[in-house]
Amino acid sequence: MDPQTLTELLDVAVLERLDRLDALEGDELARSTALRKEGYSAEVTAALLTQARLRQEAAAKLGPFAEDMLFTRDGLAQATRLPVAAHHARRLIGDVAEGESFRIADLGCGIGADSVAFAGMGAQVSAVDADEVTAAIAAFNLRHLPDAAVEHTRAEDVDLDGFDALWFDPARRTIGKADKRGSTSRITDPEAFSPSLSWVIDKASTAKAAGVKLGPALDHDLVPDDAEAQWVSHNGEVVEVCLYFGAARQHPGRGALVMGERTLLVHEHNLPREDESGIGELGKYLLEPDGAIVRAGLVAALCAPLQARRLHPKIAYLTTDVEPSGPAAAGVTSYEVVDVLPAKVPSLRKELVSRGIGSVVIKKRGADIVPDQVRRQLKLPKGDKATIVFTRLGDKHVVLLTQPV
Ligand SMILES: C[S@@+](CC[C@H](N)C(=O)[O-])C[C@H]1O[C@@H](n2cnc3c(N)ncnc32)[C@H](O)[C@@H]1O
């Protein structure tokens, strides 16, 4: 959206029309024709329809708040999910006492999802974004929070003195190279992030408190010694790694936070000593650790609380003879092992057919297969459903026939 169209969209009457525009009512062409008949320009009509669609898509990340917000497609794709943003706010701000002031800078605020959470926690938020339209949209999204202000400027040009906390969520996708559908591609070189990772870390490590949100594939070698790195999953999806500095750092080193129906915090200090992280025989259950725990390299930390052992030193599956329970069970998906089958497709097919299995969920770790390809090759006749897991027991490639617990 260009700045002129955004200005037109921000007109009270146009925003009211947006609120009344049900994204599901009629097909796109019919709605577009109706809006044009009402006198809206082609640009404003397109913007209204896009905003209605983005509001619907945004509900998954931002809940009911989405109905009252504006977006860019890129801004929504990069926005923090609200429960995760609330977690950032708790880490950086904590409880602000009545009458106390806490100033936080959001340096690359996007459409403002993190800033909404910071302001909701009672902080005074100074948010900036280098993109003019994105900054204007963030200002709109924060309009009900009087202690939040948004400026269109570069993070590098902000005077960072006097803030109690700094928040960075650098852009990690190509800008200006979006194709027609608005998709962008991921930047892998941290120096090409905007602002660059070295600039961000330099500012974060000297701040009173700071948080830096990055992609979960971050190389562990890039985690500074003075930071806490926390990988986060939400509803089973690994969404980020966040580096915390200064007062926002709770424990140095690596941690993982599983968020969803149940919550689990795992930290490097929960890891067993090398000689205690046993590899063992396949037990009654196969445990698939949450992706945040895997990315943080903390799978072995689940062994003691789940009375589990590793199946293989390089494969992130655990096994146990007792059904997982207690808080650590939130860190795994459990499968009961029914049988061990051969990994070669013809023999595997024979075994599955003889058991009446006709539909399979295929999982893999430590096996070089493409699940969809294997499913096509198996050509199973109609039958029961099962989960099959391609993995290794020692040097042997096997398939574990399982049922989710
Ligand atoms: C990952 S998004 C932020 C998402 C935000 N935390 C949220 O939850 O909505 C990064 C934003 O940084 C902005 N940006 C990129 N380079 C910047 C710079 N040098 N200074 C300020 N903002 C910048 C981009 O325009 C983009 O909106």
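Per the listing Ile187, Ile175, the residue uniquely surrounded by fewer than 14 Cβ atoms within 10 Å (Cβ to Cβ), modelled with pLDDT under 95 and either in contact with a helix residue (DSSP H, G or I) (Cβ under 6 Å, 6 or more places away or on another chain) or not polar (S, T, N, Q) (or both) is Ile175.
Annotation for the range 86-103: no member residue is within 11 Å of the ligand (Cβ to nearest atom) and more than 15 Å from Ala207 (Cβ to Cβ). Where the second residue is within 15 Å of the ligand (Cβ to nearest atom) and in a loop (DSSP other than H, G, I, E, B) and the first is under 18 Å from Met69 (Cβ atoms) and open to solvent by less than 40 Å² (accessible area, probe 1.4 Å) and lies in the range 144-164, which pairs have Cβ atoms under 6 Å and are six or more apart or on separate chains? Going by the 6 Å Cβ cut-off, the qualifying pairs are Ala148/Leu142. Within the range 107-133, track down each residue that is near the ligand (Cβ under 8 Å from one of its atoms) and polar (S, T, N, Q). Ser115 - this is the single residue of the range 107-133 that is near the ligand (Cβ under 8 Å from one of its atoms) and polar (S, T, N, Q). In the set (1) more than 9 Å from the ligand (Cβ to nearest atom); (2) in contact with a helix residue (DSSP H, G or I) (Cβ under 8 Å, 6 or more places away or on another chain); (3) polar (S, T, N, Q); (4) open to solvent by 20 Å² or more (accessible area, probe 1.4 Å), Thr72 fails one condition alone, (1).
The set of residues in the range 239-252 being open to solvent by less than 20 Å² (accessible area, probe 1.4 Å) and closer than 19 Å to Lys203 by Cα consists of Val241, Cys242, Leu243, Tyr244, Phe245, Ala248. Output the residues belonging to the range 349-405 that are touching a residue at least 12 places away in the same chain (Cβ under 8 Å), among the polar types (S, T, N, Q) and either surrounded by 15 or more Cβ atoms within 10 Å (Cβ to Cβ) or under 24 Å from His312 (Cβ atoms) (or both). Once the filter is applied, which keeps residues that are touching a residue at least 12 places away in the same chain (Cβ under 8 Å), among the polar types (S, T, N, Q) and either surrounded by 15 or more Cβ atoms within 10 Å (Cβ to Cβ) or under 24 Å from His312 (Cβ atoms) (or both), the range 349-405 yields Thr387, Thr391, Thr402, Gln403. Among the residues making up the range 42-68, those that are more than 30 Å from Lys208 (Cβ to Cβ), buried (at least 17 other Cβ atoms within 10 Å of the Cβ) and aliphatic (A, V, I, L, M) are Val44, Ala47, Leu48, Leu49, Ala52, Leu54, Ala58, Ala66. Among the residues of the range 151-176, those identified as within 11 Å of the ligand (Cβ to nearest atom) and of a type in the set (Val, Ile, Thr) are Thr153, Val158, Ile175. The range 295-405 holds helices (runs of 4 or more DSSP H) entirely within its bounds, and those carrying 1 or more residues that are of a type in the set (Ser, Thr, Tyr) and in the same structural domain as Tyr285 (by TED's automatic domain parsing) map to 345-354. Is it true that Ala343 is in contact with a His (Cβ under 8 Å, 6 or more places away or on another chain), within 21 Å of Gln230 (Cβ to Cβ) and open to solvent by less than 40 Å² (accessible area, probe 1.4 Å)? Judged against the criteria, Ala343 is not a match. The test for being open to solvent by 80 Å² or more (accessible area, probe 1.4 Å), charged (D, E, K, R) and over 22 Å from the mean Cα position of the chain (by Cα) does not hold for Glu261. I'm told Phe163 meets every condition in (1) in contact with a Phe, Trp or Tyr (Cβ under 8 Å, 6 or more places away or on another chain); (2) part of a loop (DSSP other than H, G, I, E, B) except one. Can you identify the failing condition by its number? Looking at each condition in turn, Phe163 falls short on (1). Every condition in (1) part of a loop (DSSP other than H, G, I, E, B); (2) surrounded by 22 or more Cβ atoms within 10 Å (Cβ to Cβ) holds for Asp95 except the one numbered (2). Taking the range 218-238 as the range and being closer than 30 Å to Ser325 by Cα, within 15 Å of the ligand (Cβ to nearest atom) and surrounded by fewer than 22 Cβ atoms within 10 Å (Cβ to Cβ) as the test, only His234 passes.
The values are calculated or read from the model by the stated rules, or taken from the named source; none is laboratory data. Keep in mind the model is a prediction, meaning the values are calculated, not measured. Heads up, the Cβs are rebuilt from the backbone with ideal geometry, glycines too, and the neighbour counts pull from every protein chain shown. Heavy atoms of the whole protein, side chains included, go into the accessibility calculation; ligands, DNA and RNA do not. Shrake-Rupley method; radii C 1.70, N 1.55, O 1.52, S 1.80 Å.
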